[in-house]
1. For Lys80, which aspartates and glutamates qualify as cross-link partners when the Cα separation must be under 14 Å and same-chain residues fewer than eight apart are set aside?
2. Rounded to the nearest Å, what's the spacing between the alpha carbon centres of segment 55-80 and segment 82-151? Just the number, please.
3. Which whole-number percent is the relative contact order of segment 92-144 (Cα, under 8 Å, 6+ apart)?
4. Describe numerically, in nm with one decimal, the distance between label points set 7 Å from Cα along Cα→Cβ at Phe113 and at Ser69.
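Rule-based calculations on the coordinates, nothing more; no lab input. Since this is a predicted model, take the numbers as computed values, not measurements. Glycine also receives a Cβ, built like all others from the backbone with ideal geometry; neighbour counts cover every protein chain displayed.
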Amino acid sequence: SSDLFLTVILIACSRPKNASISLPGPALQEACNESITQVIVHDIFTPPVASRIYAYSNLAFYEAHRIGSPENRSLLPDLKGFETLNVPKDLASIDSRYAAVEASLQVAEALIFSKDSLRKSRMYIESSFADLSTDKRNASKVWADSVSALILRRAATDNHRITRGMPRYSSFGETGKW
């Protein structure tokens, strides 16, 4: 995990500016999660808040990426409170891997404090898509934007703000006090 992150950083830093790195298969999602983890640790999020960030960002990754494999169905109909995600008609114009990275990190960025740290990591991850055409990149970005917007609309209604504003439990050790 941290070794993967360091490997991505070292590869990205040691290559010429126009060269691209290649993150095969699950390594792409692992790199996204490692970037998110670094920010979660830095921002000192509690476990419930961290799990919320991971859940929404990984759901965005999956939903954006699944269009690259027709056998993968959407999870959103099985989850409470999510709208239906309209899949674009021209799937060939979208790079599902790039869209997945974009959607995942857009959602994470909206839910964290240290946005600059995540943006720096994002640049390294995105370098694996240096050879992607502008048209494909733009179409993939539009798909990622629609996925992340839908996920973030649901996140805005999950009562997170209300529960985070409640008084915290404290143990005073005295009889009759909490």
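1. The reachable aspartates and glutamates, counting only those whose Cα sits under 14 Å from Lys80, are Asp158.
2. 13 Å
3. Over segment 92-144, the number comes to 71 percent.
4. Calculated label separation equals 3.7 nm.
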